[in-house]
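To start, the structure under review is shown below, and the notes come after it.
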Amino acid sequence: MEAESGVVEGLAVLKSDGSVLYSTGLAGDQRVRSLMADKAWMASARHHRLQSLTLDRRSYSVLVTPMRGAELIVFSALTGQAVLEFLGSVDFAYDILEHLLTDPFDAMTVVDGEARVAYVSPVHERFFGLSRGEANGRPVREVIENTRLDKIVATGLPEVGEIQHMRGSERVVSRVPIRRDGRIVGAVGRVMFKGPQQVEALARRVNALENEVRFYKREAAALRTRSYGLDELIGESPAMQRLKSELTKIAPLSIPVLIHGESGTGKELVAHALHRLSPRRDATHVMVNAAALPATLVESELFGYEPGAFTGADRKGRKGKFEQAAGGTIFLDEIGDMPMEVQAKLLRVLQDHMVERIGGDRPYQVDFRLVTATNRNLQDLVGQGQFRLDLYYRISPISIEVPPLRRRIDDIPQLVAHFLKEVAGRHGYPVPEVEESALAYLMEQAWPGNIRQLRHEVERAFVFAENGRISADTFVGHSDSFVPPVVPPEERGLLPRRGESLKSNLGRVEAELVREALVRHKGNKKRVAEELGISRSYLYKLLDEGMRL
């Protein structure tokens, strides 16, 4: 019959001369009595105080405890392999157990399967004002406030690193169930830190580590920004690769940048990428629509004002856009449409980076990087007297061109996939499949509205997709933006016009013939080129020179 682990199997009392005064159970076995008479074995048992013994393929623990004028030897059954290895390998196993039970910095409470107290460490007894063994046998909830050891016994679920309030103190505790043969026989609770000072020290350490984590997250984000600051500029066509290469070279500098390109090409995204790639990426990126700034409000909007500067002003005053961009980047979009009187006021700020609020009596030095954008030819505007030459030179030491979509047709599949994923995610719908015919159709279009137009068409096709698929018919049947309107013959102006050069007349006739062919072939430029007997490259040249079909 298998012995139950921990059950006392025998007792012996030895006199000081080594003779047996009393024995019972296993201690009466002749082999055990021979061991107790062996001086070397007893010397080892006294040294270890707790060791293992194997008889008839059964294992026992042997505990030697000094008494007045005698020694008590207790033999208990053992079935746990880990315990046997521990007792057999560690000469000071008894001392370890003694330390665990009496450690003043790591107190212990043990309850049985009924959640009654079986043992409380001496330091814990003193903490609760209990005499030695006073709590034994009592329900643990009567002894320890806010305990959950009874819950651990009931559920079998451990709790580690919990905060427990006891007698006005906060302690960090662990509570674990103890099982034997798959059955919960009790639970052990341990105080991991002695008192509130240790908890406070732990909290300070945790806070310090959290601050370090936040710091390294910011550093990681900065590194990701360096590598992926161009992630919003979709496309790998030669034109886009050239643009991205220019941005990576320009971004680290604080030199003003002028971004020019047709409407809808994504100039704002380029400005944003410049800021994210620059050393100023952690500061503010302020965006201003220069065309929308009325001359009467330009000073208050750009330069700010002091409290009470004018009727209706905010009582606290307000920072202007340049002050808001301190340490960062200010992006002036559509600067080609800025009124002349506003240009003059802007020039003064760009010359010395000094800003003076309305109603103020002293200027502010502001560190900012200037990025501007326009879809107009500023040199032509300068020649027409609509843009200041000195301002043009101030804003355009470096100029970047954003290519129109017709010069990066190869990017259309990637752009379509990006826009579909974006719109599908926004509405919680699956991303539809795009047929090759649809992509081929899109790549044949002129795209006068550039990326903005493509996004518009993709969102429309997403709505009208059939059975989760987008074909060329999806675009043809639900869009009128690809094909130019049909002009009545009498208004087409195909006849020569007096006063115009031969080149102008030929160009006008050429454009009208191409327009009509595009209408007939629903924007398919390959078929248009074949019908007119011209190359596709020449057709693209016509479109690129100003035909917005």
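The values are calculated or read from the model by the stated rules, or taken from the named source; none is laboratory data. None of the values given here were measured: they were computed from a predicted structure. Cβ coordinates were reconstructed from backbone atoms using ideal geometry, including for glycine residues, and neighbour counts include every protein chain displayed.
Across the stretch 380-412, the number of residues qualifying as without any contact (Cβ under 8 Å) to a residue 40 or more places away in the chain, surrounded by fewer than 17 Cβ atoms within 10 Å (Cβ to Cβ) and touching a helix residue (DSSP H, G or I) at 6+ places or on another chain (Cβ under 8 Å) comes to 2. Scan the stretch 120-142 residue by residue and report those that are over 19 Å from A154 (Cα atoms) and in contact with a Ser or Thr (Cβ under 8 Å, 6 or more places away or on another chain). The answer is V120, S121, P122, V123, H124, E125. Within the stretch 242-260, residues that are within 20 Å of R407 (Cβ to Cβ) sit with their Cβ atoms under 7 Å from residues that are of a type in the set (D, E), at 6+ positions apart or across chains, in these pairs: H260/E401. Given the criteria at pLDDT below 85, under 41 Å from the mean Cα position of the chain (by Cα) and either of a type in the set (F, W, Y) or outside any strand (DSSP E or B) (or both), does D106 qualify? Against the criterion (at pLDDT below 85, under 41 Å from the mean Cα position of the chain (by Cα) and either of a type in the set (F, W, Y) or outside any strand (DSSP E or B) (or both)), D106 qualifies. Just so you know, in the stretch 152-182 the residues that are more than 37 Å from the chain's Cα centre (by Cα) and within 14 Å of V111 (Cα to Cα) include one that is surrounded by the most Cβ atoms within 10 Å (Cβ to Cβ), and it is V153. So which residues in the stretch 30-54 are surrounded by fewer than 16 Cβ atoms within 10 Å (Cβ to Cβ) and of a type in the set (D, E, K, R)? The answer is R31, R33, D38, K39, R46. Of the candidates V153, V90, V120, the single residue that is under 15 Å from V191 (Cα atoms) and either modelled with pLDDT of 80 or more or touching a helix residue (DSSP H, G or I) at 6+ places or on another chain (Cβ under 7 Å) (or both) is V120.
The condition of being over 29 Å from Q384 (Cα atoms) and either at pLDDT 85 or above or more than 38 Å from the chain's Cα centre (by Cα) (or both) holds for only one of M354, M340, that being M354. In a residue-by-residue description of the stretch 232-239, the property of being part of a helix (DSSP H, G or I) and at pLDDT 75 or above applies to at least one position. Applying a threshold of 6 Å to beta carbon distances and a minimum spacing of six or more residues, or different chains, the list of pairs starting in the stretch 345-357 at a residue that is small (G, A, S) and ending at one that is surrounded by fewer than 15 Cβ atoms within 10 Å (Cβ to Cβ) is empty. Based on this model, can you work out whether A446 counts as in contact with a helix residue (DSSP H, G or I) (Cβ under 9 Å, 6 or more places away or on another chain), buried (at least 16 other Cβ atoms within 10 Å of the Cβ), in a helix (DSSP H, G or I) and in contact (Cβ under 8 Å) with a residue 12 or more places away in the chain? Here the answer is no, as A446 does not meet what is asked.
Does I395 meet the test of being of a type outside the set (S, T, Y) and under 30 Å from P307 (Cβ atoms)? Taking the combined requirement at face value, the residue does not satisfy it. The residues of the stretch 492-525 that are polar (S, T, N, Q) and modelled with pLDDT of 70 or more amount to a single one, N524. Restricting the search to the stretch 162-211, which residues are at pLDDT below 70, part of a helix (DSSP H, G or I) and charged (D, E, K, R)? If the condition is that a residue be at pLDDT below 70, part of a helix (DSSP H, G or I) and charged (D, E, K, R), then E200 is the only one that fits.
Quick check on A27: is it surrounded by 14 or more Cβ atoms within 10 Å (Cβ to Cβ) and part of a helix (DSSP H, G or I)? For A27, the condition - surrounded by 14 or more Cβ atoms within 10 Å (Cβ to Cβ) and part of a helix (DSSP H, G or I) - is met. Could you list, in sequence order, the residues of the stretch 38-73 that are charged (D, E, K, R) and farther than 18 Å from V13 by Cβ? If the condition is that a residue be charged (D, E, K, R) and farther than 18 Å from V13 by Cβ, then D56, R57, R58 are the ones that fit. Do the conditions hold for G383, that is, is it farther than 26 Å from H353 by Cα and under 33 Å from the mean Cα position of the chain (by Cα)? No, not satisfied. Taken together, the residues in the stretch 334-369 that are in a loop (DSSP other than H, G, I, E, B), at negative phi and surrounded by fewer than 17 Cβ atoms within 10 Å (Cβ to Cβ) amount to 6. Tell me whether the stretch 93-113 contains one or more residues that are surrounded by 18 or more Cβ atoms within 10 Å (Cβ to Cβ) and either without any contact (Cβ under 8 Å) to a residue 24 or more places away in the chain or more than 29 Å from F127 (Cβ to Cβ) (or both). Scanning the stretch 93-113 turns up no residue that is surrounded by 18 or more Cβ atoms within 10 Å (Cβ to Cβ) and either without any contact (Cβ under 8 Å) to a residue 24 or more places away in the chain or more than 29 Å from F127 (Cβ to Cβ) (or both). Within the stretch 26-40, no residue that is outside the structural domain of V64 (by TED's automatic domain parsing) sits with its Cβ atom under 7 Å from a residue that is part of a helix (DSSP H, G or I) and not basic (K, R) at 6+ positions apart or across chains.
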